[in-house]
1. Which residues' amide hydrogens lie under 5 Å from the amide hydrogen of E16, considering only partners 5 or more residues apart or on another chain, with H built in the peptide plane?
2. Starting from 0.36 nm per residue, how many nanometres of slack lie between T63 and C33 once their C-alpha separation is accounted for?
3. FRET efficiency for S19 and V55, Cβ-Cβ distance as r, R0 = 25 Å, nearest 0.05?
4. If Lys and Arg each add +1 and Asp and Glu each add -1, what is the summed charge of the other residues whose beta carbon sits under 13 Å from the beta carbon of R27?
Amino acid sequence: MEKYLEEKALEGWFLEDISCGFFTFKRCKPKKCKFTVDIFEQLRAGEYRQYCEPVGWNYVAETNKYFVFYTENENITPIQTDEELVLQKLGKSMLVNIFAYIW
């Protein structure tokens, strides 16, 4: 998803919102930026944004499970630096989606 959003921004389409699994883009000047998508589990939305924005990540959108941030700084520290934690969160999210689909 991150690579897709980065490619769209290079084409001149910037993510505006996510609703019911659909992305809404707005036309913009093509720009190179880095996106990060993080699975939301424990923190409240306001607390999470307060954590990410001061270090250079700009809030874009959220769903009931994902937060999307972007930056134009290529040398920024990633929001998630623990790869094992990222894989655990991704695995849980995938299991919940599969269960919901089967249900």
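Values quoted throughout were computed directly from the atomic coordinates according to the rules given, and no laboratory measurement underlies them. From a predicted model like this one, the values you see are computed outputs, not experimental measurements. Virtual Cβ from ideal backbone geometry, glycine too; neighbours counted across all protein chains shown.
1. Amide H to amide H, under 5 Å and 5 or more residues apart or across chains, E16 pairs with T24, F25, K26.
2. 8.7 nm
3. The computed FRET efficiency comes out at 0.35.
4. So the environment of R27 carries a net charge of +2.
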